[in-house]
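Nothing in this text is a laboratory measurement; each read-out follows from the coordinates by a stated rule. Just so we're clear, the structure is a prediction, and the values are computed from it rather than from any experiment. Cβ atoms come from the backbone with ideal geometry, glycine included; neighbour counts cover every protein chain shown.
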Amino acid sequence: MLPSSTPEYSPETPTNAHYRPLPLPPQATSPLVLIEGFLSCTSEYFWGDFETHLNAHRAEVGSKKRRHIIFARVSPVNSVHDRACELFYSLKGGTVDYGEDHSIQNGHSRYGRHHSTGLYPSWSAKHPLHFLGHSMGGVTIVKMMSMIRDGFFGPDAHPDMVATLNCVGSPFRGTQIGYWITGSFTTAPKFAPISISTLVSWYLHLMSYLSPILPSAIVPDFHNEARNLTMKDMSFLDLLRQLCCSDWSEGKDAIPWDCTFQAGEDRDLEWESSRGMGGRTWYRSYVNSWTELSNPQEPFHTPKKFSMTPMWLLSWIMGGFDFHRIKPLPKFLADRLSISEDEDFNTLDDPEGGILVSSETSSEVDSLADGNSMPVLLDENHFANDGMVPSFSQWHPGNCNDSSCTHYAPLVDTARLPHSHLREKSILKPGVWNVITVENSHHFSLMPLWFGTHQQHTFWYGLGEWLEEVDAVRSLLSLHDAIPKMDALKMEAKLRMRVVPNAYQ
């Protein structure tokens with residue numbers, strides 16, 4: 001299907017409880033936008049009364065101001081690129097434009113759903129939004145920011161439109177579980193004939209095909225208007241062909257591919273190339289940690305507690321995953337092999353005047369490259385996981401360095417940083433990823449479902465504090481060009497003296 005040349009025939013946004021634009025003028029307190037992950041189609045009712053807990057710190061000091069929540073809807077199965085486009089236009093309004101080159105390359109229409117009214121039409125660098133993404137929702141926000149920086153959404157879009165980018169359990173660099181559920185380690189993005197991903201793909205195609213005759217309440221909103229997958233758009237024989245080999249779910253324009261390490265490497269390059277653009281965005285990632293070392297002499301991990309749940313099984317599989325089965329090798333493993341070859345091979349003087357090369361680990365390196373042994377050269381952060389995503393992939397896009405990220409000591413029995421610690425180390429450093437590890441939490445402990453745990457209460461309370469601090473500092477920075485430097489310093493001193501309650505510590 002060639003891209004459509006005009007967007008006039010794009011369908012309107014469905015009318016339901018999930019699409020509730022905030023009124024104009026823009027809110028005095030920047031709202032928080034929530035984005036879900038892969039296959040997540042829950043509603044705000046399943047998330048619980050998180051808005052109350054997000055504003056709990058305000059209630060403690062008697063503030064009547066309230067930070068509103070925007071529950072953004074994007075496809076649960078489309079690629080990160082498509083989801084980023086859907087996110088942007090759902091907020092600003094207008095017809096979703098996936099891009100001419102992208103749509104031609106991936107064989108779908110250029111234009112998607114039309115939003116007659118955006119969820120926050122006033123969104124701009126002057127009126128920014130905070131973002132919170134769970135799992136692939138976080139990756140979607142990162143992709144949207146990269147596209148904004150590249151000018152994809154036009155000259156009026158600016159990176160400073162994003163006040164904070166907050167992520168929970170996001171696989172920025174991919175996850176090994178993506179290979180396991182597809183049953184394929186060497187042919188990504190193709191699936192094995194029978195796998196979990198194959199079953200999911202069949203469900204997506206059947207529900208999309210039958211959607212014109214099924215009750216709308218039972219059909220998930222796949223945001224597939226640009227795909228033409230219904231019985232009105234394709235024949236039954238075309239459906240059978242898609243069930244046999246899906247152009248959609250088994251291509252590179254769907255989330256299964258975006259979960260791979262290869263796709264993560266491409267996103268890392270995009271992020272690194274645009275690093276430093278947009279100086280008014282603060283970054284925070286929450287790393288769920290549900291495992292522990294199984295043997296102090298090895299990097300492999302096992303779940304801390306046994307349970308008869310799929311999450312326990314997935315966590316156990318990830319904790320001992322054989323990375324070298326993936327072809328081509330992930331870059332982080334290939335780089336480690338290269339370093340090992342340089343470090344472990346020693347040059348010795350030959351008695352006859354030549355050079356001898358010896359290594360006690362050369363056979364190990366060779367076997368890794370050939371796929372004959374476990375990748376023991378990786379550290380434990382590649383095996384520690386939350387049941388869905390390895391710890392190192394939850395940190396942030398790209399590699400660590402002193403200027404781009406700050407890793408805090410792991411939190412136990414809470415998901416909130418001490419406020420004094422937050423203010424001293426991170427709040428005045430936009431552009432730096434603040435990495436917070438929450439011990440004894442799996443992929444769904446903090447969100448999206450509401451369990452009413454102490455971890456969840458402290459998570460939302462601490463997040464509310466963080467957003468409050470960022471708003472205050474952004475306001476302060478905005479005044480630096482308008483007032484004398486001495487007055488700005490006095491204002492900063494007053495900011496640091498503000499009293500903050502200690503509830504949920």
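The distance linking segment 86-129 with segment 274-318 is 32 Å (Cα centroid to Cα centroid, whole angstrom).
For segment 140-197, the relative contact order is 19 percent, taking Cα pairs closer than 8 Å that sit 6 or more residues apart in sequence and dividing their mean separation by the residue count.
Taking Lys and Arg as +1 and Asp and Glu as -1, the other residues whose beta-carbon sits under 10 Å from that of Arg110 total -3. The label-point distance for Lys65 and Phe306, in a model that sets each label 7 Å from Cα toward Cβ, rounds to 5.2 nm. When the pairs Lys92/Lys429; Lys143/Lys429; Lys64/Lys126; Lys143/Lys232 are compared against a 30 Å limit on Cα-Cα distance, Lys143/Lys232 fall above it.
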